[in-house]
């Protein structure tokens, strides 16, 4: 594997990612990137598109492992290939109304990736709506909510940063911001359905 | 009368396990009897759950971007600018054939066209 890093079996990768091992994630990423990069470049893609598609595929895999819902019936390599293949097909269709044949170098196997991708797409839509809602909510709500929910800051830290007189005032402001976010989020989410 | 923000404060304390036993039991009875309140709790959970998931996703994006950047920088040989300048001064760079050669990605069609014209070039 080079650079004195340990090599992992598929089972070890899954176990290591489950315990949030950074080295395993980096090694997994490096291990299969050439395969996906080659595939995307062979099928009318660019280096940047290969990187984007691969990172999306790794995110699908990683999040399934982390939430314990991954049912791996094949090698990780095959799973990632199936996910990225599907993601690339979708991108090509959006980009060029592509209806041609993909230049595959592995037979497309039944991996369960299709069902996983549908769930991942729904989650992506939900997270996209959240990003839009946070963009719309304005300050100080955005920074306050991001500080608490995304950056894991304590209410005392946020009280100091935002200059509230005490943590209770900061908390009340946070709840008011959550109510505003709720309206934005659910309105947009329903509109996109 | 409680505002929506008051309910959010209550739900957050409830989910964090911060209510006294009597308060928790009373709230759970109300949730069982009041579908609107139960719906309000579900929305609160979906909202805060999505916020947290959004945060984790952003963090993962940054990690993958960093891994990718590391991988690319290891693959790309660093050009020793001082050495190149020194060679350039001595007029060695091109003579020694060490000038960096641009890597061009050529499409298959372009490759076929080049091969075609190569074989049809006038002697």
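Nothing in this text is a laboratory measurement; each read-out follows from the coordinates by a stated rule. It should be emphasised that the depicted structure is a prediction, and the values quoted were computed from it without experimental measurement. In this analysis, Cβ positions are derived from the backbone assuming ideal geometry, glycine residues included, and neighbour counts consider all displayed protein chains.
Some notes on this structure:
- For segment A:115-191, the gyration tensor built on C-alpha atoms gives a prolate shape. Its axis ratio a/c (a ≥ b ≥ c) is at least 1.5, and a/b is the larger of a/b and b/c.
- Estimated from the Cβ-Cβ distance and a Förster radius of 25 angstrom, the FRET efficiency linking residue A:190 and residue B:36 is about 0.85.
- Distance between the 7 Å Cα→Cβ label points at residue B:25 and residue A:20: 3.6 nm.
- Just so you know, the averaged projected area of the alpha carbon convex hull for segment A:10-111 sits at 6.4 nm².
- Point-to-point label distance, residue B:16-residue A:118, nm (Cα→Cβ direction, 7 Å offset): 3.9 nm
- Per-residue average of Cβ from other chains inside 10 Å of A:174-187: 4
- Spin-label model distance (nm) - residue A:152 vs residue B:83, 7 Å beyond Cα toward Cβ: 4.3 nm
- Remark: the residue A:66-residue A:132 segment gains 21.2 nm on full extension, using 0.36 nm per residue and subtracting the alpha carbon distance.
- Computed over chain A, the per-residue total of -39500 (n - 2.57) for DSSP H runs of n ≥ 4 gives a 222 nm mean residue ellipticity of -23000 deg cm²/dmol, rounded to 500.
- Alpha-carbon Rg/Rh ratio, for chain A, with Rh computed the Kirkwood way: 1.07
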